[in-house]
1. Against the condition more than 10 Å from the ligand (Cβ to nearest atom) and in contact (Cβ under 8 Å) with a residue 40 or more places away in the chain, how does TYR95 come out, does it pass?
2. Applying the selection to the range 61-78, what residues are over 14 Å from the mean Cα position of the chain (by Cα), free of Cβ contacts under 8 Å to residues at least 60 places away in the same chain and surrounded by fewer than 16 Cβ atoms within 10 Å (Cβ to Cβ)?
3. Could you check the range 48-72 and list, in sequence order, the residues that are in contact with a Lys or Arg (Cβ under 7 Å, 6 or more places away or on another chain) and closer than 16 Å to TYR130 by Cα?
4. Any residue in the range 98-113 that is assigned to a loop (DSSP other than H, G, I, E, B), open to solvent by 20 Å² or more (accessible area, probe 1.4 Å) and closer than 21 Å to THR19 by Cβ?
5. Would you mind finding the one in SER63, SER93 that is within 16 Å of LEU138 (Cα to Cα), polar (S, T, N, Q) and in contact with a helix residue (DSSP H, G or I) (Cβ under 8 Å, 6 or more places away or on another chain)?
6. Just the residues that are open to solvent by 80 Å² or more (accessible area, probe 1.4 Å) and modelled with pLDDT of 90 or more, please, taken from the range 79-97.
7. Considering only residues that are farther than 22 Å from PHE31 by Cβ, open to solvent by 40 Å² or more (accessible area, probe 1.4 Å) and touching a residue at least 12 places away in the same chain (Cβ under 8 Å), look in the range 131-149 and name the one that is farthest from the ligand (Cβ to nearest atom).
Amino acid sequence: MDLVRENELVVLSSEQLITGFDCGNDDLNDFFNHDAIKYRRQKLAETWFFRHNTTKQAVCAFSLSPDSIKAMWLPGSRRKKIKEFIPRDKPLSSYPAFLIGRLGVSAEFANRGMGSQLLRFIKQFCDINYTSFCRFLLVEAYNEPSVLNFYLKNDFNFVFSTEEQERDYYKRANISEPLRTRIMFYDMIHWENQ
Ligand SMILES: CC(C)(COP(=O)(O)OP(=O)(O)OC[C@H]1O[C@@H](n2cnc3c(N)ncnc32)[C@H](O)[C@@H]1OP(=O)(O)O)[C@@H](O)C(=O)NCCC(=O)NCCS
């Protein structure tokens, strides 16, 4: 399915809510079906969804919030990685970003390239709407091989090279269970140069 041609992009609002969305993850379903509107009212995140032209069913959805990468707090090697394509004469302690707070594809359409089309759409959307102040896209990806691979396949990279480094950063070094999420980034300069 062609995401943009066969679906309509809708901004979630009181008049245009998502109902019956099921991406196979209860937390995300709950967010899109119930909480997204509360986040909007609280000015915490904006949510969009693609609605199928004929069935009117929500095919996929995502939310965005302004964010930043605090490069000054990162370990040296990771700071270098983040700043790899930033001119040396433009050093900032913090770089503007947008956080993909939530993202899901209806289970009915999973593994058919919809998620990858959606990420390409989000890159283009941010490039057009936030041209001069969205250097990075960030996502707190579920720490599961299929999800991490999905973002890697779509040119996202890990902010921290290891889970251990990420734990240290969040001062969770003494917690032994695996991290629930891994923070990943995409440098929007690559999109502009495409
Ligand atoms: C993670 C998620 C967004 C991926 O969406 P998706 O539409 O399945 O993603 P894609 O189809 O683009 O890519 C996933 C797989 O489909 C395969 N694929 C891509 N295009 C394809 C096509 N045209 N035909 C068949 N398979 C295809 C890819 O090879 C990929 O498989 P891989 O794991 O071997 O790399 C979706 O599974 C989802 O909503 N999951 C639940 C919520 C979630 O985990 N969200 C992420 C929050 S961080």
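1. Numbers: more than 10 Å from the ligand (Cβ to nearest atom): yes; in contact (Cβ under 8 Å) with a residue 40 or more places away in the chain: yes.
Judged against the criteria, TYR95 is a match.
2. Scanning the range 61-78 gives LYS70, MET72, GLY76.
3. SER63
4. Of all residues in the range 98-113, those assigned to a loop (DSSP other than H, G, I, E, B) come to 106, 110-113.
Those still in the list that are open to solvent by 20 Å² or more (accessible area, probe 1.4 Å) too: 110-113.
In the following step, the residues that additionally are closer than 21 Å to THR19 by Cβ were identified as 110.
For the range 98-113, residues assigned to a loop (DSSP other than H, G, I, E, B), open to solvent by 20 Å² or more (accessible area, probe 1.4 Å) and closer than 21 Å to THR19 by Cβ: present.
5. Numbers: SER93 fails: within 16 Å of LEU138 (Cα to Cα).
Among SER63, SER93, only SER63 is within 16 Å of LEU138 (Cα to Cα), polar (S, T, N, Q) and in contact with a helix residue (DSSP H, G or I) (Cβ under 8 Å, 6 or more places away or on another chain).
6. Within the range 79-97, the subset open to solvent by 80 Å² or more (accessible area, probe 1.4 Å) is 79-80, 84-85, 88-92.
If the condition is that a residue be open to solvent by 80 Å² or more (accessible area, probe 1.4 Å) and modelled with pLDDT of 90 or more, then ARG79, LYS80, GLU84, PHE85 are the ones that fit.
7. PHE133
The values are calculated or read from the model by the stated rules, or taken from the named source; none is laboratory data. Computed from a predicted model, the values in this text were never measured in an experiment. Virtual Cβ from ideal backbone geometry, glycine too; neighbours counted across all protein chains shown. Quick note on the areas: whole protein, heavy atoms, side chains included, nothing else; ligands and nucleic acids left out. Shrake-Rupley method; radii C 1.70, N 1.55, O 1.52, S 1.80 Å.
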